[in-house]
1. Mind ordering 62-72, 34-44 by average Cβ neighbours within 10 Å, highest first?
2. Just tell me which lysines come within less than 29 Å, Cα to Cα, of Lys64; anything on the same chain fewer than 8 places away is out.
3. For Val114, list long-range residues whose amide hydrogen, built 1.01 Å from N in the peptide plane, is under 5 Å from its own amide hydrogen.
4. R0 = 41 Å: FRET efficiency of Lys247 with Lys209, Cβ-based, nearest 0.05?
5. With the Cα gyration tensor of segment 129-207 giving a ≥ b ≥ c as the square roots of its eigenvalues, does the rule (a/c under 1.5 for rounded; else a/b larger than b/c for prolate; else oblate) give rounded, prolate or oblate?
6. What FRET efficiency, computed as 1/(1 + (r/R0)^6) with R0 = 35 Å and r the Cβ-Cβ distance, is obtained for Ala152 and Asp267, rounded to the nearest 0.05?
7. If a/c stays under 1.5 just call it rounded; otherwise compare a/b with b/c (prolate if a/b is bigger, oblate if not). Do that for segment 172-277, with a ≥ b ≥ c from the square roots of the Cα gyration tensor eigenvalues.
Amino acid sequence: MFTPNYVMNNEAEQSTILDPFSQVKPATIVSSKYRFISTLDLKEVFEKMANMHFQEVNKVKTRKVEKRGFQKHSFAVYGGDLKLNKADMLSQRDVPRIIGTNSHCGDSSLILRVGYFRRVCENGLLVSDDIVAPIRLQHRNLSTEKILNAVALIIQKYNQVEDYFAMLKDVSPTDEERFEYARLMANFRLTENNNREVVSIHNYQDLLKVRRDEDADNNWWNLINVVQENIVGKPVQLKYSFKALDKSNKEIIKERTTSASPIRNIDRNMQLNQACFSIANQFVKGGQSLLQAA
């Protein structure tokens, strides 16, 4: 099964496998304290422990030769009687899933999150840290028991979070809440990873545009999915003003428009997906109590 105590030092021979999902040992650039966690073994554990299906999602691109085949990658695990291909997954209304992130070169811990797959977007939705905390295992001081316990715990959370999603589908936001939610999500999109002081967002209401009929009903579940698609999957170009300094160090107001390209960076993608839930949780009564239950 797992080989978490396998030590790979800088003098060992580099693996010739160029697929991180199939990798059998870590990159040679990691230290002797690094503990390898095989994504292939994780696939087998989920299959045997809970009869769950495994699907590759994406892997980061890397220009560094020594990281090719070892880079950060993510996968989805889901239950059900049938194994679905990508086309089948996209035809489903809702498919709950576990999202895993791993790497074999020191770029990422093993991270397991509970999420939801929507046919709208291959990125899916991810439950935020403040609803169901992710499980993180660093690649050191690991044992097979620790890894198996982590998998068992995330499977338990996967089952419990259904109640939270059911609650979101039963609660309807007011018009005021819808617009404020869109404004807060737009502001998060623009300010989370930089120090810009946004003065105004001119078209944040565009995040509320419904793209498909099944999202037309007014409930928090549909609202989250609509905004998520418009901010991550098929991004609305947000037009905004922000404070800046000119060459003479005088404060001025500048205008910018965000890109319409889908957000493919794994970390940024997860960050925005999680914010969809954490910000909604500020409005939905019962969200915090379900957090405690999960």
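Here, each number is a calculation from the coordinates, and none is a lab measurement. Quick caveat, the model's predicted, so the values are computed rather than measured. Glycine also receives a Cβ, built like all others from the backbone with ideal geometry; neighbour counts cover every protein chain displayed.
1. 34-44, 62-72
2. Lys25, Lys33, Lys43, Lys72
3. When sequence neighbours closer than 5 places are left aside, the close amide H contacts are Ile99, Val127.
4. That gives a FRET efficiency of 0.60.
5. Note, shape of segment 129-207 comes out oblate.
6. The computed FRET efficiency comes out at 0.85.
7. prolate
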